[in-house]
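Just below is one structure, and these are the notes that go with it.
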Amino acid sequence: MEKCNVTIMPENKIVTVTKGSSLLLASKNAGIYIDSPCGGQGTCGKCAVKIISGDVIINSDNHFPQELKDKGYVPGCQVKIDRDMIVEVPAFSRLTKHKVMLSSKRTKFSKDNDYFAKAKMNPVCKKVLVKMKAPDLLDNVNDADRLRAALAKQYAIKEVKISLGVLRNLPNLLRKGNWEVTVTLVEAYGNCEIISMEPGISKKPCYGLAVDIGTTTVVVNLLDTANGKIIDKAGTYNKQAVYGSDVISRIIYTDENSRGLEILQNAIIESINELIDEILVRNDLHGDNISAMVCAGNTVMSHMFMKIPATFLRLEPYIPAVTKFPVLKAKDLCLNINEEALIITIPSIASYVGGDITSGVLATMLSKSEKITLFIDIGTNGELVLGNSDWLVTCSCSAGPAFEGSGISCGMRAMDGAIDLIEIDRLSLEVKCRTIGEIAPKGICGSGLIYSLSEMKAVGIIDRAGKIVENLSTSRIRLGSEGMEYILAYADESSCNKDIVITQGDIKNLLRAKAAIFAGIRTMLQQVQLDIHDIERVYIAGGFGNFINIVDAINIGLLPDLPLERYEYVGNSSVQGAMIVLLCKDAIIECHELADRMAYLELSVGNLFMEEFVSATFIPHTDLDLFPTLEST
């Protein structure tokens, strides 16, 4: 097939692709990832590029901002490569390093977590020293059975498999160690296996990985499983983001492209492997030193991680292929660790309540508390759990990815240049913005959006319905191409050469997103005949959740109007739960029990959720009695 050369500027990288390929694919092959929240459908206007030379075919630019067209930009996802070309990918269109919530600030996880106050640390992978008597003519048991017998006698391990790689080296290693060897054992669901062996006494630690596979970000923690010490952490954006910011876009991509599922699996494996390699280099380790990995992710991410079709998760009645995943070997997924290492995936609950939530419930010990607790994980979706030691109810709110910056005119993920906090002067209506990385702004992320909505309501720029008030004495309010808008930063103050604004349409999307979360909370409470004030504790989980200002979230009606002391940030509870499973092999059984215990509430059934949703699309709500501490203005 005919090939074309594409030169990406300003790096001057040249990549060769098949004629007719997408510019997004060419850029990805060059190692430059262009933001494409809509998954290349041409509807988000985020993937602006400038064609320096070469004629191109533009499929459609109907949804592309006129302001960018006027400056010579085109939508990268709609560019089909027809011949050699040179293209500039501006900084504001690129996916760069995210602000990632790695986990807690703990350095020794097992000793600082309440879970281990009662549970004994018993890791999935560990090293043990095995001493054997040398064979002779009277004791001629084969080497493998001799090793098994010694393990049974010294450690009460009655049944153990020996991997083929170990068997191939077994005779020489036993004799080299003078019948004294250190073996690495991995165990899941009662199945124990030797995956590596060293002659004599080994002083090398046994390492394992805890991984959070998020829709937006991926986090990897390295632990010494002998003592629970967290050796290192790393996080980055999920490379699947090129194919859509939300799980629905990605499922559609897999359905519409013959190799779509394979491509998305490769993207998440590549994301994880890059983090593993980063950690290995920093700690002077080899992949063979890693003996186990525990993963937690939402149901769609877990499917794609294992290359399991997720097609029917997005179609009524929303049925996943599986919720309890098989234990795999690293070689099954081409992960850059010991090829025989165990890969354990924490079970999901339903189509849109995944293993990350099971993991979070495990980590917070919500299911062992007498207090009625609300667990909230707000990301590209909103997952909720309500209950205590007696009962657990869970649901997923279709909030959409607005809080991740998608569907917002100047929205972006939490990357350098993203506005994450604003203050508006009550008299002049002038605004001060803070950005991640403290550089010139190029967009606004989720936490900044919550601040903006709260501040704009507080100073009277918007009313309770979210409508921008016209004729106020400020030049920052103007009529834009899509209605009224408020200017956060002018073009000469930004790093993207355009005004950064919040439009009337943006506010409408934000109100829908916050309404979905609050309506989900109210619907669950009504199903169990409880009131908001019966909630005794609220856990806020997830990377985005950790940066939410609770006061502002209450002000806009995203979170319940409860005393602030009832709220607690729990950070990345998904990776925390994965660490628990890594350090306590019985915890995976508990995860299965938790997944079975949680009653899943499908919000699309009946009219209750929709009624609550409509009421919650006002600021803070149509029923002000639900927010007694706020002024009724």
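The values are calculated or read from the model by the stated rules, or taken from the named source; none is laboratory data. This structure is a prediction, so every number in the text was calculated from the model and none was measured. Glycine gets a Cβ as well: all are built from the backbone with ideal geometry, and neighbour counts include every protein chain shown.
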Residues (touching a helix residue (DSSP H, G or I) at 6+ places or on another chain (Cβ under 7 Å), under 13 Å from Ile81 (Cα atoms) and either assigned to a loop (DSSP other than H, G, I, E, B) or small (Gly, Ala, Ser) (or both)) located in region 35-63:
Asn59
Residues in region 371-386 that are among the hydroxyl-bearing types (Ser, Thr, Tyr) and at pLDDT below 95: how many?
1
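Taking the condition surrounded by fewer than 24 Cβ atoms within 10 Å (Cβ to Cβ), in a helix (DSSP H, G or I) and either modelled with pLDDT of 95 or more or in contact with a helix residue (DSSP H, G or I) (Cβ under 9 Å, 6 or more places away or on another chain) (or both), does Asn227 pass? First the steps, then the outcome.
Details: surrounded by fewer than 24 Cβ atoms within 10 Å (Cβ to Cβ): yes; in a helix (DSSP H, G or I): no; either modelled with pLDDT of 95 or more or in contact with a helix residue (DSSP H, G or I) (Cβ under 9 Å, 6 or more places away or on another chain) (or both): yes.
In short, no.
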Which residues, taken from region 557-575, are crowded, with 24+ Cβ neighbours inside 10 Å and in contact with a Pro (Cβ under 8 Å, 6 or more places away or on another chain)?
Gly557
The number of residues in region 55-75 that are closer than 26 Å to Asn5 by Cα and touching a Ser or Thr at 6+ places or on another chain (Cβ under 9 Å) is 2
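Anything in region 200-217 that is over 30 Å from Val181 (Cα atoms) and at pLDDT below 95? List them, or say none.
Gly214, Thr215, Thr216, Thr217
Conditions tested, residue by residue: (1) touching a Pro at 6+ places or on another chain (Cβ under 9 Å); (2) of a type in the set (Phe, Trp, Tyr); (3) modelled with pLDDT under 90; (4) surrounded by 22 or more Cβ atoms within 10 Å (Cβ to Cβ).
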{"site": "Tyr451", "(1), (2), (3), (4)": "no, yes, no, yes"}
{"site": "Ile462", "(1), (2), (3), (4)": "no, no, no, yes"}
{"site": "Lys467", "(1), (2), (3), (4)": "no, no, no, no"}
{"site": "Glu470", "(1), (2), (3), (4)": "no, no, no, no"}
{"site": "Ile477", "(1), (2), (3), (4)": "no, no, no, no"}
{"site": "Ser481", "(1), (2), (3), (4)": "yes, no, yes, no"}
{"site": "Tyr486", "(1), (2), (3), (4)": "no, yes, no, yes"}
{"site": "Tyr490", "(1), (2), (3), (4)": "no, yes, no, no"}
Would you mind telling me which numbered condition in (1) under 23 Å from Leu164 (Cβ atoms); (2) not assigned by TED's automatic domain parsing to the domain that holds Asp145 Val181 fails?
(2)
If we take region 107-211, then helices (runs of 4 or more DSSP H) inside it with 3 or more residues that are touching a helix residue (DSSP H, G or I) at 6+ places or on another chain (Cβ under 6 Å) and not aromatic (Phe, Trp, Tyr) are 164-176
Only one of (1) of a type in the set (Ser, Thr, Tyr); (2) assigned by TED's automatic domain parsing to the domain that holds Ser396; (3) at pLDDT below 95 does not apply to Thr523, and that is (3)
Pick from Ile535, Ile550, Ile540: which is in contact (Cβ under 8 Å) with a residue 12 or more places away in the chain and either crowded, with 21+ Cβ neighbours inside 10 Å or in contact with an Asp or Glu (Cβ under 8 Å, 6 or more places away or on another chain) (or both)?
Ile540
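Per-residue answers, yes or no, for (1) buried (at least 24 other Cβ atoms within 10 Å of the Cβ); (2) aromatic (Phe, Trp, Tyr); (3) at pLDDT 95 or above:
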{"position": "Lys329", "(1), (2), (3)": "no, no, yes"}
{"position": "Ser348", "(1), (2), (3)": "yes, no, yes"}
{"position": "Val353", "(1), (2), (3)": "yes, no, yes"}
{"position": "Ser369", "(1), (2), (3)": "no, no, no"}
{"position": "Gly405", "(1), (2), (3)": "yes, no, no"}
Scan region 4-34 for residues that are within 18 Å of Gln78 (Cβ to Cβ), part of a loop (DSSP other than H, G, I, E, B) and polar (S, T, N, Q) and jot them down.
Ser21
Residue satisfying condition, being out of contact with any Phe, Trp or Tyr (no Cβ under 8 Å at 6 or more places or on another chain) and surrounded by fewer than 18 Cβ atoms within 10 Å (Cβ to Cβ), within set Leu601, Leu608:
Leu608
Report, by residue number, each residue of region 270-306 that is over 14 Å from the mean Cα position of the chain (by Cα) and among the β-branched types (Val, Ile, Thr).
Ile276, Ile279, Val281, Ile290, Val294
Among the residues of region 618-629, is there at least one that is closer than 30 Å to Ile344 by Cβ and of a type outside the set (Phe, Trp, Tyr)?
no
Determine whether region 102-116 contains at least one residue that is small (Gly, Ala, Ser), within 22 Å of the chain's Cα centre (by Cα), at pLDDT below 75 and not assigned by TED's automatic domain parsing to the domain that holds Tyr33.
yes
